[in-house]
Amino acid sequence: VQLQASGGGLVQAGGSLRLSCGASGDTFSTLDMAWFRQAPGKEREFVAAINYSGDNTAYADSVKGRLTISRDNGKNTVYLQMNSLKPEDTAVYYCAADYNYRKIMYFSTIVDYWGQGTQVTVSS
């Protein structure tokens, strides 16, 4: 499985962006997906996750109510809608995939598939 993230950019505080992550292959509908981010000088952190069918989602407390994860299994794509962005959201955002939701949520160091990252910069 290869993941390709896109949609990052520069936006002012309070603005919006939508990240996309496309997956290769024909097993996307069985993959649990997530977004992580890493800011300069900080460790990678969990942002949001969605299970293979899309009926179960989870968010970091810092993004609840502002960021929304969704997926379109017909397009092999997962999205991260980012609203009310803050300067502290500035980071490289990575999409990740695994066949095990528990790994996505709690054991990201052993998640099977990662995208290349897309930069999000929020100016104050």
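The values are calculated or read from the model by the stated rules, or taken from the named source; none is laboratory data. Note that the structure is predicted; figures quoted are calculated from it, not measured. Backbone-built Cβ (ideal geometry, glycine too); neighbour counts: all protein chains shown. Note: accessible area is taken over every heavy atom of the protein model, side chains too, but ligands, DNA and RNA are not part of it. Shrake-Rupley method; radii C 1.70, N 1.55, O 1.52, S 1.80 Å.
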Which value, in Å³ per residue, describes the convex hull spanned by the Cα atoms of the stretch 41-80? 88
Surface share of carbon and sulfur [accessible, 1.4 angstrom probe, percent] for the chain: 46
Could you report the chain's accessible area per residue, 1.4 Å probe, as an integer in Å²? 50
Hey, can you rank 24-37, 104-117 by average C-beta count inside 10 Å, highest first? 24-37, 104-117
Quick one: if you take sqrt(5λ) for each eigenvalue of the C-alpha gyration tensor of the chain, what semi-axes come out, biggest first, whole angstrom? 22, 14, 13
Find the lysine pairs in the chain meeting two conditions, Cα atoms under 22 Å apart and a separation of 8 or more places or different chains, and report how many there are. 5
What 222 nm value per residue comes from the helices of the chain, counting each DSSP H run with n ≥ 4 as -39,500 (n - 2.57) and dividing by all residues, nearest 500 deg cm²/dmol? -1000 deg cm²/dmol
